[in-house]
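The next block holds one structure in the form of structure tokens; read it before the comments.
Read-outs throughout are calculated quantities, based only on the coordinates presented, and are distinct from any laboratory measurement. Bear in mind the structure is a predicted one, so any value in this text is a computation, not a measurement.
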Ligand SMILES: Cc1ncc(COP(=O)(O)O)c(C=O)c1O
């Protein structure tokens with residue numbers, strides 16, 4: 001779209017994942033690219049930009065500092081800023097998460113969804129996407145309850161929801177869920193509105209619960225999620241425990257990022273491989289197996 005509109009340079013402010021995506025698309029669209037990220041991002045997210053050779057600008061500050069700076073730069077340079085002047089095209093793209101869900105459930109909406117929130121945009125667009133499916137006649141009604149998930153160390157939207165407020169108070173983020181570390185969320189108000197309209201809920205989890213969530217998903221579903229996925233699973237677990245999500249309800253948990261990007265968060269929790277000499281004796285010594293190979297110890 002940026003190319004269609006005649007831009008030669010694309011840019012974005014990002015907690016990491018949007019920057020990876022913008023860098024990759026800019027490379028394939030042959031556009032100049034500037035991505036602005038906070039100074040404390042995980043190594044894999046930084047590398048995931050550098051490989052496409054955009055200008056990677058690491059700002060000494062948090063995402064909210066990055067975002068403020070980008071608003072000023074956007075005023076000075078005629079670039080396509082993905083989450084500023086061409087924001088609608090980026091944000092509307094998130095509706096595909098609703099479309100794919102409905103299609104994969106056989107043209108039905110789920111009873112409940114759990115969505116990780118940073119700026120809150122994704123949540124509002126999934127809600128919008130579900131309603132568009134009804135508007136074009138592909139489904140009869142939208143009865144889905146929308147649930148928002150944040151990490152305790154950056155939970156301005158969930159905190160407001162739980163306090164019964166329709167406005168949030170900005171916070172200074174401190175969490176391992178860096179993808180979601182937006183203290184002043186641009187779409188926070190609308191996320192609160194969509195969740196309330198759907199009769200859904202919001203909650204938040206500690207960093208320990210984020211790691212537990214990542215492990216639970218990996219060890220039960222074989223999916224290695226990044227910290228944002230740990231937030232989603234942690235909050236899903238909490239909502240089930242509270243009886244807000246019932247075990248018989250069709251529930252979709254949106255896992256939005258790959259675990260290899262945030263290895264720092266789990267490195268101390270996963271243990272080490274069992275190292276052995278290349279011999280059967282060494283193997284048998286380390287793994288006391290029964291005759292049929294079961295019961296490793
Ligand atoms: C992995 C991941 N999931 C979810 C989100 C939520 O995005 P939003 O800002 O739309 O709430 C982000 C935002 O950066 C993200 O990186």
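Once you have the Kirkwood Rh of region 222-297 from its Cα pairs, apply Stokes-Einstein at 10 °C and 1.306 mPa s and quote D in µm²/s.
The estimated diffusion coefficient comes to 99 µm²/s.
Work out, in µm²/s and without decimals, the Stokes-Einstein translational diffusion coefficient of region 94-266 at 20 °C, 1.002 mPa s, Rh from Kirkwood over C-alpha pairs. The partial results should precede the final answer.
Working: Rh = 15.8 Å.
So the translational diffusion coefficient is about 135 µm²/s.
So what's Rg/Rh here for region 139-182, counting alpha carbon atoms and using the Kirkwood radius for Rh?
Result: Rg/Rh = 1.12.
Report the dimensions of region 181-232 along its three principal axes from the alpha-carbon atoms, largest first, rounded to Å.
Rounded to whole Å, the extents work out to 35, 24, 16 Å.
Throw me the Rg/Rh for region 29-139, computed over C-alpha atoms with Kirkwood Rh, two decimals.
On the way: Rg = 17.4 Å, Rh = 16.4 Å.
Taking Rh as the inverse mean 1/r over Cα pairs, Rg/Rh reads 1.06.
What would the Debye equation give as log₁₀ I(q)/I(0) for region 138-221 at q = 0.17, 0.18, 0.20, 0.22 Å⁻¹, counting only Cα atoms as equal point scatterers?
Log-scaled intensity ratios, in q order: -0.73, -0.79, -0.91, -1.01.
May I ask you to compute the full-extension gain from residue 174 to residue 206, defined as 0.36 nm times their residue separation minus their alpha-carbon distance, rounded to one decimal in nm?
On the way: separation 32, 0.36 × 32 = 11.52 nm, distance 1.07 nm.
Here the answer is 10.5 nm.
When the Debye formula is applied to the Cα atoms of the chain, each taken as the same point scatterer, what base-10 log of I(q)/I(0) results at q = 0.10, 0.12, 0.13, 0.14 Å⁻¹?
-0.60, -0.82, -0.93, -1.05
Taking the alpha-carbon centroid of each part, what is the distance from region 242-297 to region 112-185 in angstrom?
30 Å
Largest first and to the nearest Å, give the Cα extent of region 9-89 along each principal axis.
Extents along the principal axes: 30, 29, 19 Å.
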